[in-house]
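The values are calculated or read from the model by the stated rules, or taken from the named source; none is laboratory data. Model, not experiment: these values are computed from the prediction. Virtual Cβ from ideal backbone geometry, glycine too; neighbours counted across all protein chains shown. With ligands, DNA and RNA removed, areas are computed over all heavy atoms of the protein, side chains included. Shrake-Rupley method; radii C 1.70, N 1.55, O 1.52, S 1.80 Å.
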Amino acid sequence: MIVWLGCALLLVSVLFLISFWRMGFRSHGDVKYPKSLPSLPVIGSLLHLGNHLPPHLLFCNLQKKYGSLYSFKMGSHYVVVVNNHEDAREVLLKKGKAFAGRPRTVTTDILTRDGKDIAFADYSPSWKFHRKMVHSALCMFGEGTVAIEHIISREASSLCQTLASFQTIPLDMAPELIRAVTNVVCSLCFKTRYKRGDAEFETMLKYSKGIVDTVAKDSLVDIFPCLQIFPNKDLDILRQSVAARDQLLYKKLKEHKDAFSGETVNDLMDALLKAKLSMENNNSNIPQDVGLTEDHILMTVGDIFGAGVETTSTVLKWAVAYLLHYPEVQKKIQEELDAKVGFERYPLLSDRKILHYTEAAISEVLRIRPVSPLLLPHVALKDSSIGEYTIPKEARVVINLWSLHHDEKEWVNPNLFNPDRFLDKDGNRLYSPNQSFLPFGAGIRVCLGEALAKMEIFLFLSWILQRFTLEVPEGDPLPDLEGKFGVVLQVKPFRVIAKMREVWKNIEITT
Ligand code: PLO
């Protein structure tokens, strides 16, 4: 027995030494690999990552020991972490196509029916085609049309009415903000909207939380897929939430199919159905090998819907949390609104050109609390390089946006919320004061909803602040600013008092 134990120990130690040697000194001849954390067979570098910090902060801290580009093994996967803008831009822009892949993981496969969506799907001609199609559909129904301004303003107005009805009662704004942004994507995807308390909306809130809590956060099953065979509470929640989402999406698909004439395209779902029909009739120039199945339509709409809701509402929640911490910023935004929009009309999208401070404050929220602090992981589709380092095919590349947005070489006092850094000395807007700002990612995988999100954030915030001052209810703590890491950087719940501003109490604008 003791002999066996001794042999086993010896074997483990030899394996450990070999793998340590391989990972730590991965550099032969001209080929230079990024410095690596030590790793063990099977578990990889897990013991060196088992820190209490959330990954974006841990990866940021590891730079002190390993430099800004380093690697580690997550189970059997080789992962490279990028922490500066030069390398990030090389990966996303200069070599975008070489790094355009996505890893397949257990949780994202459950969410997307094995990658039939856009955000989590691996690079392929079919993916490229779907993405292009959704992009043009989004342009048709959203970005760039007056219709979208009308839709967002209608929701902003409804949101303000709800806030007004609470007067001095403390309110958790999160469900209200979520409903407002949900109604915008709902209008684009399905041409419908939800009233307060709508049962379908409540179902959606619940399943979306279930998904956000469990998907794509490098849980153990994503690292070691074989663990799926054991009971797993998170996977159960994910499967139940995905089933609830699918039920909702099927219902929408059926309603659209029943009503679809083949000609009039009212929303994104119609646009996808039309593309599918054209393909089946083979009467268009859509390539045959791209396969636009019903699953693709459902997953794509699920992506747009999920992304549109979770990301934009998260930014708005962060914005409110910061405005409560920095009332002087809130006051300056209100002064700008009073001076440039006044009291006889509501803010319009065209005001973005003149409301420099408001726009700067929004950029600062996106900098200080990026919704997706590690973006989504990229995969090298072929042998490539970052700077002087070789990156082998299939390496996973994580862009640590948090490090870029908090880089002390690029930002003065990066932990300070200071919209002025996005303004020049004359108060004019600087779109990006330096290169280390990529809140929507960049390149071939850049966020599809960037323009839509910017319109929504601007209109919702300016409508709210024009009429209300947001305050922390007496006795409540200030909102937590750390957040909870997941597929988005979530904001912990907090309450607000939305006090109608004195000047607005007697004003009624007719629209
Ligand atoms: C949010 C929960 C939804 O129920 C499903 C969903 C779909 C698309 C995901 C989104 C979730 C989270 C934010 C993601 C988005 C695609 C792109 C976006 C990951 C999981 C980001 C930030 O990259």
**Study point:** Residues of region 206-243 with amide N under 14 Å of the 7 Å Cα→Cβ point at THR162
**Key:** 206
Check your understanding: Across region 428-442, in residue order, what do the Karplus-derived ³J(HN,Hα) couplings come to in whole Hz, using 6.51 cos²θ - 1.76 cosθ + 1.60 with θ = phi - 60° and x for Gly and Pro?
Key -> 7, 6, 10, 5, 8, x, 8, 7, 8, 9, 9, x, 10, x, 6
Check your understanding: Round to a whole number: what % of the accessible area of region 71-204 belongs to carbon and sulfur, probe 1.4 Å?
Key -> 58
**Study point:** Accessible surface, per residue, of the chain when the full set of protein chains is kept, probe 1.4 Å, Å²
**Key:** 47
Exercise for review: Grab the DSSP H runs of the chain that are 4 residues or longer, score each as -39,500 (n - 2.57), total them, divide by all residues and round the 222 nm result to the nearest 500 deg cm²/dmol.
Suggested key: -15500 deg cm²/dmol
Review point. FRET efficiency for GLU263 and LYS64, Cβ-Cβ distance as r, R0 = 45 Å, nearest 0.05?
Key: 0.15
Practice item. Run the dipole for region 29-159 about the Cα centre, Lys and Arg Cβ at +1, Asp and Glu Cβ at -1, nothing else charged, and hand back the magnitude in debye, nearest 20. Key: 380
**Study point:** Relative packing of peptides 270-279, 302-311 - highest average C-beta neighbours within 10 Å first
**Key:** 302-311, 270-279
Point to revise | Top positive-direction residue, dipole computed over the chain with Cβ charges, set HIS325, SER403, GLY483 | key: SER403
Practice item. Calculate the dipole size of the chain relative to its Cα centre from +1 charges on Lys and Arg beta carbons and -1 charges on Asp and Glu beta carbons; express the result in debye to the nearest 20. Key: 820
Practice item. Highest first, please rank the peptides 348-355, 69-76, 41-48, 255-262 by the mean number of other Cβ atoms sitting within 10 Å of their residues. Key: 69-76, 41-48, 348-355, 255-262
Revision key, fill the gap. Computed about the Cα centre, the charge dipole of region 192-289 from +1 Lys/Arg and -1 Asp/Glu charges at the Cβ has a magnitude in debye, to the nearest 20, of 320
**Study point:** For region 58-130, with +1 on Lys and Arg beta carbons and -1 on Asp and Glu, the positive-most of THR108, SER68, ILE118 along the dipole
**Key:** SER68
Exercise for review: Please work out the FRET efficiency for the pair LEU430 and LEU481, using the Cβ-Cβ distance as r and a Förster radius of 22 Å; give the result to the nearest 0.05.
Suggested key: 0.35
Study note, to complete from the structure: With label points set 7 Å from each Cα along the Cα-to-Cβ direction at LEU348 and LYS251, the distance between them in nm comes to 3.8
**Study point:** Within region 380-409, backbone nitrogen closer than 15 Å to the virtual label 7 Å beyond the Cα of LYS32 toward Cβ
**Key:** 385-391
**Study point:** Amide N proximity, region 241-269 versus LYS206 label position 7 Å along Cα-to-Cβ, cut-off under 12 Å
**Key:** 241, 244-245
Review point. Is region 433-475 best put as rounded, prolate or oblate by its Cα gyration tensor, with a ≥ b ≥ c the root eigenvalues, rounded for a/c under 1.5, and otherwise prolate when a/b is larger than b/c, oblate when not?
Key: prolate
Revision key, fill the gap. The computed P(r) of region 348-458 puts the percent of Cα pairs beyond 18 Å at 57
Exercise for review: Report, to two decimal places, the Cα Rg of the chain normalised by 2.2 N^0.38 Å (N = number of residues).
Suggested key: 1.04
Exercise for review: With a 10 Å radius around each residue's Cβ, average the other Cβ atoms per peptide and rank 80-92, 470-482, highest first.
Suggested key: 80-92, 470-482
